[in-house]
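Data first, discussion second: the structure below is written as C-alpha cells.
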Amino acid sequence: MNFTRFGRPAVIAVVAALALSSCAANEAAPAASDAASTLTGTLTGAGSSAQGSAQEAWIAAFQTANPDVTVNYDPSGSGAGRATFIAGGSDFAGSDSYLKDEELAGTFAACAPTGKAVDLPVYISPIAVIFNVEGVKDLNLDSATLAKIFKGDITTWNDPAIAALNPKATLPTTAITAVHRSDDSGTTKNFSDYLNQTAPDVWTEKPGDPFPYQTGEGAKGTSGVVDAVTNGTGTIGYADASKAGKLGVAKIKVGDKFVGYTADAAAAVVNDSPLVEGRDASDIAIKIDRLTTDPTHYPLVLVSYALVCTEYAKPAQGELVKAYVSYMAGTDGQSVAASAGGAAPLSAELADKVAAVLKTIK
C-alpha cells in the first residue's frame, strides 16, 4: 500500500482536523509555511510501517502547503525501505533502526559520489506489548518472562512465571500464540535489543531486523501483527504504540515497578541516551539506554529515522528531501505526528541537531 497524494478536498479536511487538535494542545495550528511555495516535483520514500500514521499526516499537511509537490511513501517495513534507498528506488527511507556500519560503508544510488547517507531521528514512539486473552485486562511482565514467551519457553497463560507477576489475575489455561513480524523490521530489532540487553540469559540472539527464533506466528508489517493479535485467541505481540487501539497492553518492569508506555516516558529515555560512537558528526544515531531503572522512563522504545543523502545525485531531489524532512523534524511536523500517531516529540536539543544537518543537504 502506498500513501500518495490525496485529493484537495480530502487534504484540506485532514489538515483542518489536525490543526484543530494541535490548537487545543498547543494554541497554534501546524503549517509548513505562510509564504507561497516554489517547490515542485515528486518525492518518493519507503520503509518504516511504524511511521505510517505520521507519514499520512505529514504528507497531507506538506502537500497542502506545497501544492506542486507529490509525496509518495510506501510503508513496506524498515528492512525493505533501507534496501530500496540503497538501490536508488527512493529519495529517502524511514527506518526504525539506524544504518549498520557495513551499510554505511557501501554506496547509495541516490547520493552523489561526494555525498553519504546519514540517519536523522524524526519519530520517537513506545513499542507496545499487545495482548488478547479472554478475562485478562491488565498484565504485568518482566523482561525475562517476556523473552521466554516469545522464545517459546512459556507456552500457556497460566504458567507459574506469569502468575507470579499477576497475583490478582485469573489466568486461563489457554495456549499462548506469540505473534512476531515476518518481514525485516526495525521494530523487531528494537524489541530484540531490549530483550537481549535486559534478559541476556534467555534472549541469547543478537538483535537484528529478522525475528531470531523459529517460534510463534509471523505476520507482515505493523498492521499484520495487530490484526493477528486482534483476531486470534490467547495472542500476544509487539507493535508501534500508535496502532495498539483497544487491545490490552502489558506493563513492563522498570527497576522495581511495572510501567505502562507514555509519550513522555519514551521521550525521557531517548533524551538520556547517548549517540552511537564512531559515526560521522552528521549521523545522529542513538544508542537507547535499555537498562535504565528509572520508572519515569520506558526503555522499550523505538527511534525511527529518515535516511537521507548529505548530497544528492539529482540536486532537485535533494531540495525536496531537505524541505520535507525539515518539516517532519520541525516543531509543526512533530506536533502533527503527536496528534496523528501519539509520537513523542524530539527534544529541542535533538531537533536542533537534526536541523543543523538538514541545512547542509545539497
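The values are calculated or read from the model by the stated rules, or taken from the named source; none is laboratory data. Small disclaimer: the values here were computed from a predicted structure and weren't measured. As a convention, Cβ positions derive from the backbone with ideal geometry for all residues, glycine included, and neighbour counts pool all protein chains shown.
Which of the helices (runs of 4 or more DSSP H) contained wholly in region 143-232 include at least 2 residues that are within 20 Å of the chain's Cα centre (by Cα) and closer than 22 Å to S76 by Cα?
186-198, 221-231
Can you name every residue in region 237-260 that is on the phi > 0 side of the Ramachandran plot and either in contact (Cβ under 8 Å) with a residue 24 or more places away in the chain or in contact with a Phe, Trp or Tyr (Cβ under 8 Å, 6 or more places away or on another chain) (or both)?
Quick first cut of region 237-260, residues on the phi > 0 side of the Ramachandran plot only: 245, 255.
Listed by number, the list holds a single entry, G255.
I'm trying to understand the selection: among the residues of region 196-211, which are surrounded by 15 or more Cβ atoms within 10 Å (Cβ to Cβ) and either over 9 Å from A147 (Cβ atoms) or β-branched (V, I, T) (or both)? Steps first, please.
Residues of region 196-211 that are surrounded by 15 or more Cβ atoms within 10 Å (Cβ to Cβ), as a first pass: 196-199, 202-203, 207-211.
Within region 196-211, Q197, T198, V202, P207, G208, D209, P210, F211 meet the criteria.
Test of understanding: among A65, A83, which residue is surrounded by fewer than 23 Cβ atoms within 10 Å (Cβ to Cβ), out of contact with any helix residue (DSSP H, G or I) (no Cβ under 6 Å at 6 or more places or on another chain) and closer than 28 Å to P207 by Cβ?
Details: A65 fails: closer than 28 Å to P207 by Cβ.
Just one listed residue meets the conditions, A83.
Taking the conditions exactly as written (part of a strand (DSSP E or B) and crowded, with 16+ Cβ neighbours inside 10 Å), does S326 satisfy them or not? Don't jump to the end; show me each part of the working.
Values: part of a strand (DSSP E or B): no; crowded, with 16+ Cβ neighbours inside 10 Å: yes.
Answer is no for this residue.
Of all residues in region 234-254 being at pLDDT 95 or above and in a loop (DSSP other than H, G, I, E, B), which is surrounded by the most Cβ atoms within 10 Å (Cβ to Cβ)?
Checking each candidate, the answer is A250.
Given G216, G234, which one is within 17 Å of A147 (Cα to Cα) and out of contact with any helix residue (DSSP H, G or I) (no Cβ under 8 Å at 6 or more places or on another chain)?
Details: G216 fails: out of contact with any helix residue (DSSP H, G or I) (no Cβ under 8 Å at 6 or more places or on another chain).
Unique residue meeting the criteria: G234.
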